[in-house]
Amino acid sequence: MTGPAPVNLDALYDPASVAVVGASDNPEKWGYWLASGALSGRDRRAVHLVNRRGGQLEGARFLPDLAALPAPPEHVVVAVPPPHVRSVVAEGLAAGARCFTVITSGGAGAAEERALAELITSNGARLLGPNCMGVVDTTSRLRLSWGDFPSGGLGLVSQSGNLALEIGRHLARAGQGFSRFVSLGNQRDIDATDALESLIEHAPTRAIAAYVEDFRDGRRLSRVLAAAHEAGKPVLLLTVGRSAASGRAAASHTGALVSPYATVASVCRQAGALLLSSAGELVDTAVYLMARDLRAGWAAARPVPPRRVAVVGDSGGQGALAADAFAAGGLEVPTLSEETVAALDDALPPGAGRDNPVDLAGAGEADLGNYARVADALLRGGDADAVVLTGYFGDYASANPAQAARECEVAHALADAAASAGRDLVVHTMARDTAALAVLRERGVPVYERVEQAVTALSGAALLASCNPVAPQDTPATWSAYPLDDGGYEHVRELLASYGVSFPVASFVEDADAAVRAAEGTGYPLVLKAMGLAHKTEAGGVALGLADEAALRAAFARMREATGAARYVVEAMAAPPYAHELIVGVRRDAAFGPVVVVGAGGVTAELDADTASALAPLTPARARELLLGLRRAPLLTGWRGAPGVHLEAAAAAVCAVAQAAADHPELAELEVNPLLVHPGGALALDAHAVLDVGGIPMR
């Protein structure tokens with residue numbers, strides 16, 4: 001697929017000149033760190049420091065204002081109190097500035113910040129912030145922020161400054177660092193999507209990471225995530241909200257099942273990004289991906305996904321625990337072939353374990369070269385996509401410095417074996433910061449202190465490799481003309497039927513006599529349901545299998561007493577053999593638009609929580625993927641001799657509901673529950689919607 005044209009943010013990342021307004025010579029103030037950081041790149045660009053009180057830093061004299069600069073500043077950093085921000089920006093625009101990084105807030109509130117952004121962008125300039133921590137580009141020697149940002153290959157976009165510092169500490173311990181860091185602040189102009197898009201074509205950036213809370217235009221973001229994956233730079237994402245669904249009341253099953261966090265998770269799966277849970281997981285995965293790129297280039301070589309892992313340990317216990325951890329992480333730890341076992345014989349003593357995991361049983365201590373020989377045999381054997389060396393290697397020289405040179409030689413041999421075989425080698429070691437580990441890192445072999453870090457990295461890479469990114473389709477910007485008077489079953493049924501969704505024969509009535517007359521058309525047994533209820537079963541608004549007129553009248557009387565409903569539906573009873581209940585719902589997310597969810601249906605939909613979701617509308621192939629991704633998928637395809645359901649009909653129904661919701665932005669939620677799928681087709685047994693009029697959901 002062809003990605004979007006990159007956003008031109010050259011004035012942000014590599015300006016010809018920088019002016020820091022609010023510079024200070026006091027290390028206790030932000031202005032000091034901004035000025036000091038800017039000066040670190042003055043051999044590449046002109047740097048001007050502005051403070052009306054005067055002063056100097058590192059030989060650079062403070063000028064009283066931007067008008068006093070000898071030449072127009074391309075990038076202005078604003079670190080003055082909020083009441084003075086607008087006047088500084090106006091002065092910068094008059095001086096010809098093309099980009100502003102506003103560290104402090106842009107005024108007393110959101111309206112003032114929006115006005116500031118309008119002032120800047122209407123003059124053809126760009127704004128980062130306000131209320132941000134700045135920007136760093138280690139490849140262009142631009143440091144306009146506080147804190148340590150080691151150089152490396154990770155591009156980070158973050159709404160949290162402290163999280164960026166934490167990620168930087170983790171990277172430094174792993175021998176890595178940043179190519180770029182963008183602190184988003186309040187995103188009044190440059191947003192997360194702009195910054196991520198700019199990293200795709202940035203060659204020194206070998207992996208991309210992001211922490212985002214406010215997704216703004218979620219569909220555009222999804223397209224950029226897909227473009228990043230296709231370019232060989234998948235995005236590793238952190239966000240918040242995993243617990244939001246548990247505490248939120250919903251007007252429908254769909255509202256409970258599709259939380260904002262679940263929406264982000266589905267977008268990541270659809271776009272080929274990886275949603276992670278912590279800064280540590282992000283760094284562990286990024287280190288692995290950057291090591292791969294250092295060796296071969298993810299985009300150019302597309303290395304083999306690490307789905308099968310061979311484990312080598314110089315301790316039987318460590319090897320076995322590592323094998324268990326990888327298996328628990330969803331990776332295969334396969335049995336080795338006879339040919340591979342034979343290739344191991346020359347390097348292993350008679351008592352060594354020759355299955356997977358391989359136990360060196362002292363062979364490493366006898367000859368450090370055996371580490372490389374065993375790893376080489378496993379890498380070339382073809383039984384595994386990746387080899388994990390776990391245990392003591394890397395620490396021999398710590399106890400015996402005389403082994404330092406030999407251990408480094410073996411480290412090179414290990415890296416040579418991985419490069420020659422074209423497969424991944426990962427080292428888990430109890431050592432830290434030794435010469436041999438430095439060799440491995442420099443040669444593109446990721447090194448971890450805990451085996452669970454390696455599990456996170458390899459399982460994440462395998463998941464990324466399995467992605468088939470799909471950019472979302474745009475949805476209508478204006479309301480449709482379809483006359484939906486309310487979100488009740490009668491009107492929603494009519495709408496969905498126009499999209500091809502099948503329903504049982506039904507009549508809508510208001511009294512018992514009309515219900516009896518309607519039964520002549522539907523036949524017995526039949527179903528009686530009360531209208532206008534979100535959860536009919538719990539309210540006593542559903543009666544199934546009514547066999548005759550007496551049963552119908554009795555059920556009607558009970559239902560009217562229990563619900564007080566004014567309108568009812570008499571519907572043919574549908575009970576095809578080998579049928580299963582699904583839910584198909586669409587919820588309109590403020591950032592991502594319509595999001596479709598499919599899952600286990602009926603009255604236990606929330607209890608089962610067996611769901612899959614994606615941005616609507618869908619293709620039939622994507623709808624089928626969602627269905628087959630459910631835990632209950634074996635029931636749908638045929639379990640223990642039972643026939644499978646009509647998957648094409650089920651997928652078509654999912655697509656129809658998704659398309660109807662996408663075409664009707666006046667629907668906050670649209671739901672079919674249950675959708676009865678069976679070998680002969682798919683039948684909607686109930687449906688309702690939540691209307692959104694002026695942002696107020698109406699039932």
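Bear in mind these aren't lab numbers, they're just calculated from the coordinates by the rules spelled out. Being a predicted model, the structure only gives us computed values, none of them experimental. With ideal geometry, Cβ positions are generated from the backbone for all residues, glycine too; neighbour counts draw on all protein chains shown.
A few notes on this one:
- Computed [θ] at 222 nm, helices only, for the chain once each DSSP H run of length n ≥ 4 contributes -39500 (n - 2.57): -11000 deg cm²/dmol
- Nearby aspartates and glutamates by direct alpha-carbon distance to residue 29 (threshold 20 angstrom, same-chain neighbours under 8 apart not counted): 58, 65, 148
- Efficiency of FRET from Cβ geometry, residue 44 and residue 213, R₀ 56 Å, rounded to 0.05: 0.95
- Long-range tail of P(r) for the stretch 61-127 (Cα pairs > 20 Å, %): 21 percent
- Calculated FRET efficiency for the pair residue 537/residue 419, C-beta based, R₀ 60 Å, to 0.05: 0.45
- Difference of contour (0.36 nm per residue) and Cα-Cα distance, residue 438 to residue 666: 76.2 nm
- Computed over all pairs of different Cα atoms, the Kirkwood value for the hydrodynamic radius of the stretch 10-295 is 19.6 Å.
- Treating r as the C-beta distance of residue 354 and residue 173 and R0 as 35 Å, the FRET efficiency rounds to 0.50.
- Full-stretch length increase - residue 603, residue 514 - with 0.36 nm per residue and alpha-carbon distance subtracted: 29.2 nm
- Normalising the average separation of contacting C-alpha pairs (under 8 angstrom, six or more residues apart) by the number of residues puts the relative contact order of the chain at 9 percent.
- Directionally averaged projected area (convex hull, Cα atoms, the stretch 505-572), nm²: 3.7 nm²
- For the stretch 306-465, the share of alpha carbon pairs falling in successive 10 Å distance bins from zero is 12, 46, 36, 6, 0 percent.
- Extension reserve of the residue 242-residue 498 stretch, reckoned as 0.36 nm per residue once the Cα distance is removed: 88.5 nm
- Among the trypsin sites (Lys or Arg not before Pro) within the stretch 433-469, those in coil by DSSP and having at most 15 neighbouring Cβ atoms inside 10 Å are 450.
- Taking other residues whose beta carbon is less than 13 angstrom from the beta carbon of residue 277, and scoring Lys, Arg as +1 and Asp, Glu as -1, yields -2.
- Approximate spin-label separation residue 574-residue 558, in nm, with each point projected 7 Å along Cα-to-Cβ: 2.4 nm
- In a DSSP loop and with at most 16 other Cβ atoms within 10 Å, the trypsin sites (Lys or Arg not before Pro) in the stretch 595-654 are 631, 632, 640.
- The chain, Rg to Rh (Cα coordinates; Rh as Kirkwood inverse mean 1/r): 1.07
- For a modelled paramagnetic label at residue 335, 7 Å from Cα along Cα-to-Cβ, the residues of the stretch 357-392 in reach, with backbone nitrogen under 14 Å, are 357.
- Computed over the Cα atoms of the stretch 580-698, the ratio of the radius of gyration to the Kirkwood radius (Rg/Rh) comes to 0.98.
- Each residue, residue 403 and residue 551, gets one label point 7 Å from its Cα in the Cβ direction; the gap between the two is 8.0 nm.
- Spin-label model distance (nm) - residue 163 vs residue 84, 7 Å beyond Cα toward Cβ: 3.2 nm
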